[in-house]
Amino acid sequence: MFYFEEINGKKILKSSILSGLTHFFTTRESVIKTKEPEFENIVEENKKDICKYLQIEEENFIHPSQTHTSNVDVAKVGVSVYPDTDGLILTNKVQAVFLNFADCTPVIIYDPLNKIAAVSHAGWRGTAAKIAYKTVQKMSEEFGSAPVNLKAAIGPAISFCCYNVGEDVYRQLMVSVRNFKNLSEIREGSIFVDLKGINKRQLIEAGLKVENIDVCPFCTVCNNELFFSYRRENGTTNRHSAVVKL
């Protein structure tokens, strides 16, 4: 279940499925990513508040470049640059990881036994390339994570109600899971797909238990007062973020 808390009076969103992991999704109030001048001071203030909350130095608050790939890397102490990377696995307690979103799907995965976590950026391209599935694979192959023990939260993103796509995108998403049943429908001649549902299906196919996956009910288009939407806000550079710290 998802619920709100605050950092210095500003809303953040958490999932009860990830109890034991320091994590949250920022909102419009707690934004830490922008290219818009009027938001720069707010972002700097929020970053300081969040680093204080996480008890880390700002240079250890890191994020990858995010280029809509399915590349997953491992965060390394002292390294802050991760080019062409859309998933980061965190295994150390020195750093905190954040990735940025404005309609794309955030996926946080936690291994409570091995005490490691990951954040993946699943836009339609990343979803079509199975980044959530690949993140689980990498955690399993490199760190011995058993998928059956993993817990995952799929964060705020554009939802089934609002995500209409073209034929080409639909076909690429359709083959990203073995069973595409109930993940798309035609409405008034337009194709709508369930991006959150596809990522959930990928996690299940990677070996996670369905009861260990929490799907956020908030749609970034419908709930634009809480989260940023690239579609609804005509290409905004503001982003909400998924944050993890061990």
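The values are calculated or read from the model by the stated rules, or taken from the named source; none is laboratory data. Keep in mind the model is a prediction, meaning the values are calculated, not measured. Here the Cβ is made from the backbone with ideal geometry for all residues, glycine too, and neighbour counts use every protein chain on show.
So the values come out like this:
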item	result
Residue in the range 193-201 that is within 27 Å of Val43 (Cβ to Cβ) and in contact with a His (Cβ under 9 Å, 6 or more places away or on another chain) present	no
Selection from the range 64-101 of residues that are part of a strand (DSSP E or B) and either among the β-branched types (Val, Ile, Thr) or surrounded by fewer than 14 Cβ atoms within 10 Å (Cβ to Cβ) (or both)	Val72, Val74, Ile89, Val97
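This table checks each residue for (1) more than 23 Å from Ile213 (Cα to Cα); (2) more than 18 Å from the chain's Cα centre (by Cα); (3) modelled with pLDDT under 95; (4) surrounded by 18 or more Cβ atoms within 10 Å (Cβ to Cβ).
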position	(1), (2), (3), (4)
Tyr3	no, no, no, no
Lys14	no, no, no, yes
Leu18	no, no, no, yes
Phe24	no, no, no, yes
Glu36	yes, yes, yes, no
Asn46	yes, yes, no, yes
Ile62	yes, no, no, yes
